[in-house]
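Asks: Mind looking over this structure? Questions follow.
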């Protein structure tokens, strides 16, 4: 009857199929598995508590959600928009390129940022939208969605291609350790040098893509005149 210990997997499958609460399904599956395996209720909660404490770093990101919500509630988004509107000549593409550069520099110095919820949604996208509105006036909803997508995509590009430019990053250590275990003596610095080249190439491509986006927007909307009208 050892197979009965797999009942937790069945519970998870059924829970996910019927779209029950994920956390509740996982806990019930774990609790049921513990009971059929001969683990007492006290031992189960002890194991659950120990696992939570050992992996509590994983749940720290949850603290950022209410913090960002509170910041937005008290005008973070509005102040970011006002700041961008005061910067003459700053286009959406230039701003997003600047943010991509900041993200790559953060990776170079080993600064890890969960930037989609903390920066892109509440700050980067509104500022990119503000740059477009300041330059062109009201833009279409379709272009607003494109700017939103470009803000998120450039965050991913910059973070992904620059995350191994720091010698002590998890990716560099994993690559170095794996190659060493296979008989290839590779130094972490060698991996970083290659990653720097890739990061540099990716940034050039990011800058070109954003520059072309600005040209496309200029052709579509023209530039606002000093009196708020559109140039022909």
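Asks: Mind telling me which of the residues 206, 197, 201 ends up being surrounded by 14 or more Cβ atoms within 10 Å (Cβ to Cβ) and modelled with pLDDT of 85 or more?
Replies: 206
Asks: Quick test for you: out of 68, 96, pick the one residue that is at pLDDT below 85 and within 30 Å of residue 168 (Cβ to Cβ).
Replies: 68
Asks: Are any residues in region 138-155 over 16 Å from residue 207 (Cβ atoms) and either part of a helix (DSSP H, G or I) or in contact with a helix residue (DSSP H, G or I) (Cβ under 7 Å, 6 or more places away or on another chain) (or both), and if so, which ones?
Replies: 139, 141, 142, 143, 144, 145, 146, 147, 148, 149, 152
Asks: Can you confirm whether region 86-93 contains a residue that is assigned by TED's automatic domain parsing to the domain that holds residue 123, at positive phi and at pLDDT 70 or above?
Replies: yes
Asks: So residue 39 passes all but one of these: (1) out of contact with any helix residue (DSSP H, G or I) (no Cβ under 8 Å at 6 or more places or on another chain); (2) modelled with pLDDT of 75 or more; (3) not in a helix (DSSP H, G or I). Which condition number does it fail?
Replies: (1)
Asks: Where residues in region 92-137 are part of a helix (DSSP H, G or I) and touching a strand residue (DSSP E or B) at 6+ places or on another chain (Cβ under 8 Å), which of them is nearest to residue 221 (Cα to Cα)?
Replies: By that ranking, first place goes to 136.
Asks: Which residues, taken from region 171-189, are assigned to a helix (DSSP H, G or I) and either touching a residue at least 12 places away in the same chain (Cβ under 8 Å) or surrounded by 10 or more Cβ atoms within 10 Å (Cβ to Cβ) (or both)?
Replies: Those that are assigned to a helix (DSSP H, G or I) and either touching a residue at least 12 places away in the same chain (Cβ under 8 Å) or surrounded by 10 or more Cβ atoms within 10 Å (Cβ to Cβ) (or both): 171, 172, 173, 174, 175, 176, 177, 178, 179, 180, 188, 189.
The values are calculated or read from the model by the stated rules, or taken from the named source; none is laboratory data. Everything numeric in this text was worked out from a predicted model, so none of it was measured. With ideal geometry, Cβ positions are generated from the backbone for all residues, glycine too; neighbour counts draw on all protein chains shown.
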